[in-house]
Amino acid sequence: MMRRRPIARMAVTTAVVAGTATAVGGHMQRKQAQAAQAQQAQAAAAAPAPAPAPVEEDPFAQLEKLGQLHAQGILTDEEFAAQKAKLLG
């Protein structure tokens with residue numbers, strides 16, 4: 001009977017160590033998962049919002065602006081004609 005006690009003690013010790021390792025490993029996994037979620041949340045919060053889509057102006061308003069630029073001498077006849085053709089399709 002003397003021989004069985006050290007073996008039983010070793011089996012109990014092994015079970016305790018294995019249980020502790022499992023508990024610690026699970027805790028570390030949860031902690032790492034929480035850290036990853038927090039990091040993703042920070043990255044999502046820090047990401048800039050996408051720029052709004054450019055608002056298309058009325059083609060007639062754009063033609064008026066082009067006409068004003070042409071009248072002021074900012075646009076040449078060729079530039080004005082090219083932009084006008086581009087707007088009218």
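Which angle between 0 and 90 degrees, to the nearest 10, do you get for helix 77-88 versus the longest principal axis of the chain when only C-alpha atoms count? Relative to the chain, helix 77-88 is tipped by roughly 60 degrees.
The candidate values were (1) 11.9; (2) 14.7; (3) 7.6; the one computed from these coordinates for mean projected area of the Cα convex hull in nm² carries the label (1). What angle, in degrees between 0 and 90 and rounded to the nearest 10, separates the Cα long axis of helix 4-46 from the longest principal axis of the Cα atoms of the chain? Long axis of 4-46 versus the principal axis of the chain: about 10 degrees.
Here the extension length gained between GLN62 and ALA35 equals 4.5 nm, from 0.36 nm per residue of separation less the Cα-Cα distance. Which of ALA33, ALA71, ALA43 moves the most in a Gaussian network model of the chain with Cα springs under 10 Å? Its mean-square fluctuation being the largest, the pick is ALA71.
Build a GNM of the chain with springs between Cα atoms under 10 Å apart, and of GLN68, GLN37, GLN29 the one that fluctuates most is GLN68.
Projecting the Cα atoms of ALA18, GLN29, LEU75 onto the charge dipole of the chain (Cβ charges, centred on the Cα centre) puts ALA18 farthest toward the positive pole. Remark on LEU75: its backbone amide H falls under 5 Å from those of HIS70, a criterion applied only to residues 5 or more positions apart or on other chains, H modelled at 1.01 Å from N.
Each value in this text was obtained by applying a stated rule to the coordinates, not by laboratory testing. It should be emphasised that the depicted structure is a prediction, and the values quoted were computed from it without experimental measurement. All Cβ positions, even for glycine, are placed from backbone atoms using ideal geometry, and neighbour counts span all protein chains on display.
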